[in-house]
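Written below as structure tokens is the structure these notes are about.
A short reminder: the numbers here are calculations on the coordinates, not readings from a lab. Computed from a predicted model, the values in this text were never measured in an experiment. All Cβ positions, glycine included, derive from the backbone under ideal geometry; neighbour counts span all protein chains shown.
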């Protein structure tokens, strides 16, 4: 079985994190999204054709020509003309039935396996309020009758989630699809054409579907993945006086100093220095070569590689990029005073994150002055610096 995985897009909705990397390279539980998807494909496929584009060199460097026993091939989408156009680029690679999947979401192994048992079809999820999704209408056999993008009236709850199984003749529909109102060639247009000339089925998921369309969704994905951790694993040095509550993973060369309290699930990468007297709370992942200083508290957060969080700081429900230095006394406020859901600016529009606890998104290379504070939902673009005592009340954007 071959897989066409779509990883070419720029993903502006996940700025500022994707200004310096493609979205599939964003880490969740100290592992890039794309590797999480590859793990779910183990034992099911022999070749993955990656449709690459934006910052593709980072993906090529990570995966090379093989990932374990899965062959990795690359096909460049030189112009971003939509998902249907992206799949069409892989035509010369495909020999038989094939999977297509978004490379920035994570799908469960057993659901993919169940999809492969069908002649062709799509994974779907029941969503009570599906107006922001593509929605399938099906018959009593789960055979697709219609597919409507963001329906204005209720037509069902079976939503399209971006994982499909096709026969090779699907390329006929891709080659004939018209431009959408957005000026792109959408895979959903070709799917509807395909379903009108042959049976195409939906396959409701039973496991997880981890979406990462907005930067704060990385935290939910990490929480679900880390919930599966069963036991501790330590390859570092843990000094006397440290409390570890399972499950905690500590990488090679890492030193956890006395007085630190780590409440799992927590993952700490290689060659880190933690403490003394740190408090690492559940669902936190610390990347490699990080320094977490004295009396720092981190909760439910992603801290990427080579970052330094100085003493007396608090980071909660946040994503911190790589090579970031947070000066002493840094505070990420993560709850509004009125306790309403946190709003966050995305492409000039305020989005309701639906989270009552959400801190900050800080991109690569940021340095904050001592006692910098960030209000809930604010973001800092790559390379910014702040003044001592500065309060970040609006996004710091290039």
### Message
Could you check the spin-label model distance between residue 397 and residue 252? Points 7 Å from the Cα along Cα→Cβ, value in nm.
### Response
4.3
### Query
Can you give me the Cα centroid spacing of the stretch 234-295 and the stretch 83-120 in angstrom?
39
### Query
In what order do 192, 63, 118 fall by count of nearby beta-carbon atoms within 10 Å, going from fewest to most?
118, 63, 192
## Note on the structure
If 256, 303, 243 are placed from fewest to most neighbouring beta carbons inside 10 Å, the sequence is 243, 256, 303
## Note on the structure
Computed over the chain, the relative contact order (Cα-Cα under 8 Å, seq sep at least six) in percent reads 11
### Task
Could you tell me whether the stretch 225-392 comes out rounded, prolate or oblate from its Cα gyration tensor? Rule is a ≥ b ≥ c as square roots of the eigenvalues, rounded for a/c under 1.5, then prolate if a/b exceeds b/c, otherwise oblate.
prolate
## Note on the structure
Taking only the alpha-carbon atoms of the stretch 2-213, the convex hull volume per residue, in cubic angstrom, is 126
### Summary
Extend 7 Å from the Cα of residue 12 along its Cα-to-C-beta direction; within the stretch 329-350, residues with backbone N under 12 Å of that point are 346-349
#### Entry: Relative contact order (%) - criterion: Cα under 8 Å, at least six apart; region: the stretch 173-257
17
### Summary
Placing each pseudo-label 7 Å from Cα in the direction of the beta carbon, residue 95 and residue 74 end up separated by a distance in nanometres of 2.3
### Message
Under 10 Å, Cα contacts only: if you run a Gaussian network model on the chain, which one of 150, 71, 245 comes out with the highest mean-square fluctuation?
### Response
150
### Query
Given a Förster radius of 30 Å and the C-beta distance between residue 340 and residue 182 as r, what FRET efficiency does 1/(1 + (r/R0)^6) yield to the nearest 0.05?
0.40
### Message
Can you classify the stretch 161-213 as rounded, prolate or oblate using the Cα gyration tensor, where a ≥ b ≥ c are the square roots of its eigenvalues, rounded means a/c under 1.5, and otherwise it's prolate if a/b beats b/c and oblate if not?
### Response
oblate
### Query
Going by how many other beta carbons lie within 10 Å of each one, how would you line up 225, 155, 309, fewest first?
155, 225, 309
#### Entry: Selected from 104, 146, 338 as most flexible by GNM, with the chain as the system and alpha-carbon contacts under 10 Å
338
### Query
Taking springs between alpha-carbon atoms closer than 10 angstrom, which of 208, 98, 154 fluctuates most in the Gaussian network model of the chain?
154
#### Entry: Segment residue 154-residue 175, extension gain: residue separation times 0.36 nm, minus the distance between their alpha carbons
4.5 nm
#### Entry: Read-out Cα extents along the principal axes in Å, derived from the coordinates shown; its label in [x] 66, 43, 39; [y] 63, 56, 47; [z] 59, 56, 54
[x]
### Task
Note the full-extension length gain between residue 65 and residue 291 as 0.36 nm times their separation in residues minus their Cα-Cα distance, in nm to one decimal.
78.0 nm
### Projected label distance in nm at residue 57 and residue 141, using a 7 Å step from Cα toward the beta-carbon
5.2
